[in-house]
1. Just to confirm my filter: which helices (runs of 4 or more DSSP H) fall fully inside region 33-112 and include at least 3 residues that are surrounded by 20 or more Cβ atoms within 10 Å (Cβ to Cβ), touching a residue at least 12 places away in the same chain (Cβ under 8 Å) and of a type in the set (Phe, Trp, Tyr)?
2. For region 12-33, enumerate the residues that are closer than 19 Å to residue 144 by Cβ and either more than 21 Å from the chain's Cα centre (by Cα) or modelled with pLDDT under 85 (or both).
3. Take residue 118 and tell me if it is crowded, with 22+ Cβ neighbours inside 10 Å and either free of Cβ contacts under 8 Å to residues at least 24 places away in the same chain or of a type in the set (S, T, N, Q) (or both).
4. Just checking, which of 176, 217 is assigned to a helix (DSSP H, G or I) and either under 21 Å from residue 96 (Cβ atoms) or not polar (S, T, N, Q) (or both)?
5. Here are the criteria: (1) assigned to a loop (DSSP other than H, G, I, E, B); (2) modelled with pLDDT of 50 or more. Tell me which single one residue 332 does not satisfy.
6. Please go through (1) within 17 Å of residue 104 (Cβ to Cβ); (2) free of Cβ contacts under 8 Å to residues at least 60 places away in the same chain; (3) touching a Lys or Arg at 6+ places or on another chain (Cβ under 6 Å); (4) not acidic (Asp, Glu) for residue 177 and return the number of the only condition it doesn't satisfy.
7. Can you tell me which residues in region 1-32 are hydroxyl-bearing (Ser, Thr, Tyr) and surrounded by 16 or more Cβ atoms within 10 Å (Cβ to Cβ)?
8. Search region 196-216 for residues being touching a residue at least 24 places away in the same chain (Cβ under 8 Å) and surrounded by fewer than 19 Cβ atoms within 10 Å (Cβ to Cβ), and hand back the single one that is nearest to residue 118 (Cα to Cα).
Amino acid sequence: MEQIKKQSFALYPMLTDKLIKAVRQQLPSKERKGLGDQQVLADFVRRNPELQNDHTFYIMAEELHLKKLGSQVIFPESSQVLDNLLKARFSLESSQGFDLPFPAFILAPPRGYAYAGTAIPSLLVTWVAGDQFKNEVLKPFLEHIKVDEKKVGFSELPVEGVLTLVYPDSTGERSRTIIYGQNIAALLSAKTPKDYVNAMISEGLITSESDISDSDRDIQFYCLRLIAALGVYHVATRGTKLKPGFPGAQAPKMEGRRPEQQVSPITLINSSPPSDRTERDHETSPHYRSWHFRQLRDGRYYRGEFEKYSPGTRYIFVESALVKSDATPNTQS
């Protein structure tokens, strides 16, 4: 009987686990055995107080937040569902219509997945609505590492929410971008990575193009669109396209996973029929047009059974439809 080849996914590697392992290796063997991971981390932060001003501190806080919420990891059932999300047409007028399946999760793309020439890495995603990032993410981490919050100063955050994306860069280090809710709509209006950088400058997130590398620019542009489209897709389909468990009949290979890393698998289901056509086929034969999500903002859509919904949180989902060869396919807008 032929053995079924396992699927392979890239999994965000936890920085905290890597750091604890490295610190343990530097300890005397007797001391190493008597300390738990939490104590090792607490001692390390205490000896290195400058970490509190480094993005490593925030990444570790977000990783702990992920663990406390269940360590959900979203695996797409195929690359096509990611393609569809990245090609999807949707608009967002404000952060009011922005929502995600979980407050914290990892998105694990198929190993080697790329879009428009940009390799899409596995992402640690954190979304905290309102102004609760400090209470929900930072304070629990301070308690975890036994640091008095009164001794740590954090700047005030905007009240429209905080979205962070963390990913391993080409050197193996972690890159982290923070996007405030008030900036999300402007950044999503960008049509190209170049537009994205210009929007970041206009929103005051960076001061010049030199503040971000071309690689990070491309990754952040596509990953923000991907995560936003995932959120809209989840809302528009009322959560029916996320199923517990791994895609396929067996656990896949997870590149980057450490033995101690927890994984609660969720499969992202595609809504479009599979297609084996090449790009050239699409130009000369009937093809499937892009997904389209229409945001409902008028008050009449929030009456009756929908009166508890906030304005902007409902969408109509137009799935892929077969388009004749003489029609123009939809593209990102």
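1. In region 33-112, no matching helices (runs of 4 or more DSSP H) lie anywhere.
2. Answer for region 12-33, where residues must be closer than 19 Å to residue 144 by Cβ and either more than 21 Å from the chain's Cα centre (by Cα) or modelled with pLDDT under 85 (or both): 19, 20, 21, 22, 23, 24.
3. It is false that residue 118 is crowded, with 22+ Cβ neighbours inside 10 Å and either free of Cβ contacts under 8 Å to residues at least 24 places away in the same chain or of a type in the set (S, T, N, Q) (or both).
4. That would be 217, the only listed residue that is assigned to a helix (DSSP H, G or I) and either under 21 Å from residue 96 (Cβ atoms) or not polar (S, T, N, Q) (or both).
5. (2)
6. (3)
7. Scanning region 1-32 gives 12, 16.
8. Among them, the one singled out is 215.
The values are calculated or read from the model by the stated rules, or taken from the named source; none is laboratory data. Computed from a prediction, not measured in an experiment: that's the story for all the values here. Every residue, glycine as well, gets a Cβ built from its backbone with ideal geometry; the counts of neighbours run over all protein chains shown.
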